[in-house]
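Scroll down for the structure; my scribbles are underneath it.
The values are calculated or read from the model by the stated rules, or taken from the named source; none is laboratory data. Note that this is a predicted model, so its numbers are computed, not measured. Because the Cβ atoms are built from the backbone with ideal geometry, glycine has one as well, and the counts that use them run over all protein chains shown.
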Amino acid sequence: MSAENRSFTFRSGFISIVGRPNVGKSTLLNQILGEKVAITTSRPQTTRNRILGIYNTPDIQVVFMDTPGIHRPQDKLGEFMVKTAFQSLDNVDTGLLVVEPEPPGPGDRFIIENLQKAGVRTVLTINKIDLVRREELLPIVDKYRKLADFIEIVPVSALKDNNLDRLMTILTGLLPEGPKYYPDDIVTDQIERFMVAEIVREKTMMQTRQEIPYSVAVEVDEFSERDNGLVYIRAIIYVERKSQKGIIIGKGGLHLKKIGTSARQDISRLLGTMVYLDLRVKMKDDWRQNASSLKCFGYE
């Protein structure tokens with residue numbers, strides 16, 4: 001064995017991405033991976049489950065955990081989301097706290113306190129810096145620096161792919177020597193059914209307004225490949241009120257058609273094949289407060 005091979009060490013580790021709702025955690029993960037593994041919308045509380053995203057190089061593997069936004073829960077679904085976010089801090093190598101370019105508020109301070117209680121060494125990244133001037137950013141960095149002993153504070157714009165190289169250099173430099181947890185061709189631990197349901201939920205959220213997005217759950221009822229190679233998918237969009245069902249369907253089914261067209265395009269790219277997407281809309285009263293419904297939709 002050559003000296004070069006003897007000196008090679010593989011480094012790996014787990015990094016939990018945490019923060020308040022709508023700070024850009026999922027956009028950041030998608031940009032780092034170069035693939036869409038988590039849905040993104042302009043609505044807060046889009047991510048509901050913990051999603052793994054795996055970043056690979058020849059000598060490094062980073063297992064990122066994208067988590068729901070930490071907020072004050074108003075229902076059992078919210079309680080599940082916050083619990084999921086904090087549980088992601090168990091046994092991670094590093095925490096990645098994502099905030100917006102504004103002075104820390106009560107929600108940010110609450111998350112920082114919990115990171116400190118958990119003993120998680122943390123890198124702070126201030127996202128969306130494309131929305132502020134440089135002279136506005138410096139006082140914000142200083143305020144965060146006084147709150148905790150962060151390993152680094154890294155301003156980025158996930159949307160514009162600004163300064164992500166520096167962020168990744170810092171994060172990968174913190175990795176310990178370790179094994180390869182996933183094969184090189186795996187970028188997420190999510191199964192196809194879950195990702196299809198998430199795509200349909202994303203398109204539904206983008207198409208609807210006001211309180212509707214938070215009342216939506218999606219279940220893939222059938223997922224099968226036909227003889228002609230076409231993948232047939234039947235998905236059910238659940239809402240809590242009869243009026244919400246009408247809004248999603250729209251006049252003459254127009255809204256549902258738009259949701260289906262947009263979702264089908266993304267699902268076809270995900271699966272690499274032609275897709276027939278059959279969408280139905282059903283009502284399930286107060287499912288966000290019902291433990292059995294939450295379990296049925298995978299929120300347990």
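Before moving on, here are some points about what is shown:
- Residue list for region 57-77, filter: closer than 23 Å to residue 198 by Cβ and surrounded by 18 or more Cβ atoms within 10 Å (Cβ to Cβ): 62, 63, 64, 65, 66, 67, 68, 69, 70, 77
- Breaking point among (1) crowded, with 19+ Cβ neighbours inside 10 Å; (2) in contact with a helix residue (DSSP H, G or I) (Cβ under 7 Å, 6 or more places away or on another chain), for residue 201: (2)
- Subset of region 261-292 [without any contact (Cβ under 8 Å) to a residue 40 or more places away in the chain and within 19 Å of residue 193 (Cβ to Cβ)]: 264, 265, 268, 269, 272
- When 125, 169, 204 are checked against the criterion of being modelled with pLDDT of 95 or more, outside any loop (DSSP other than H, G, I, E, B) and either within 30 Å of residue 250 (Cα to Cα) or under 17 Å from the mean Cα position of the chain (by Cα) (or both), 125 stands alone in meeting it.
- Residue within region 186-203 that is under 16 Å from residue 288 (Cα atoms) and assigned by TED's automatic domain parsing to the domain that holds residue 271 present: yes
- Candidates are the residues of region 87-102 that are more than 18 Å from the chain's Cα centre (by Cα) and either modelled with pLDDT of 95 or more or assigned to a strand (DSSP E or B) (or both); the one that is surrounded by the most Cβ atoms within 10 Å (Cβ to Cβ) is 101.
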